[in-house]
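See below for the structure under consideration.
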Amino acid sequence: ICNMKELTKAEEQVMDYLWKLEKAFVKDILDEFPEPKPAYTTVSTMVRILEKKGMVGYTAYGKNHQYYPLVTKKDYARLSFRHVLSKHFNSSVERFASFFASDRDVSLSELEELKLLLEKEIEKRKEDENNGKH
């Protein structure tokens, strides 16, 4: 994950379609785009860039390549979050949490839901620790 490259918005969109499809030819990915669709060559170029970035692999069928993700959506989300944390919050989860919690666009019910999720995770980790798991 550490070597994973940051993606452009367009590359992320292609990856989203590929994660959804699991395996796809360029035409299949192109079919996922809303109108107005990008050019076939544009999507083809993006997929090759994603391959160079280590995000996508392929199986060759003659001249056609069927592409598939080499990175899970969850792993990419984790990397993206770590990047935001590093760039905007000096790698501090506490600073991020403080910023998030004080954001007035976050409703009280969302904060309460977050609190419940955190409490459950804390309990789970305590149980794991007591059972010798890390």
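The values are calculated or read from the model by the stated rules, or taken from the named source; none is laboratory data. This structure is a prediction, so every number in the text was calculated from the model and none was measured. As a convention, Cβ positions derive from the backbone with ideal geometry for all residues, glycine included, and neighbour counts pool all protein chains shown. Protein only, heavy atoms only, side chains kept; ligands, DNA and RNA dropped before computing areas. Shrake-Rupley method; radii C 1.70, N 1.55, O 1.52, S 1.80 Å.
Determine, for segment 48-97, the count of lysine pairs separated by eight or more sequence positions (or lying on different chains) whose alpha-carbon distance falls under 21 Å. Lysine pairs satisfying the spacing and distance rule in segment 48-97 number 8. Normalised by the number of residues in the chain, the mean separation of alpha-carbon contacts (under 8 Å, six or more apart) gives a relative contact order of 21 percent. Taking label positions 7 Å along the Cα-Cβ direction at both Glu127 and Asp31, the computed distance is 4.3 nm, reported to one decimal. Once backbone amide H atoms are built at 1.01 Å from N, Gly57 has Tyr68, Leu70 as its partners under 5 Å, excluding neighbours fewer than 5 places away on the same chain.
Taking R0 as 22 Å, what's the FRET efficiency between Glu6 and Leu70 from their Cβ-Cβ distance, rounded to 0.05?
Numbers: r = 16 Å, r/R0 = 0.72.
It comes to 0.90.
Give the shape of segment 90-134 as rounded, prolate or oblate, defined through the alpha-carbon gyration tensor: a ≥ b ≥ c are the square roots of its eigenvalues, a/c under 1.5 means rounded, and otherwise the shape is prolate if a/b is larger than b/c and oblate if not. Mind showing how you got there, number by number?
Working: a/c = 5.95, a/b = 1.77, b/c = 3.37.
Because a/c hits 1.5 or more and a/b fails to exceed b/c, segment 90-134 counts as oblate.
For segment 1-81, the set of trypsin sites (Lys or Arg not before Pro) satisfying both a DSSP loop assignment and a count of at most 14 other C-beta atoms within 10 Å is given as Lys5, Lys23, Lys63. Each of Ala60 and Glu113 was given a label point 7 Å from its Cα along the Cα-to-Cβ line. The distance between the two points is 4.8 nm. In the chain, taking the dipole from charged Cβ atoms about the Cα centre, the farthest positive-side position among Ser102, Tyr61, His88 is held by Tyr61. Overall, the accessible surface of the chain at a probe of 1.4 angstrom is composed of carbon and sulfur to the extent of 53 percent. By the rule of a C-alpha distance below 19 Å, with chain neighbours fewer than 8 residues away ignored, the lysines paired with Lys37 are Lys9, Lys20, Lys27.
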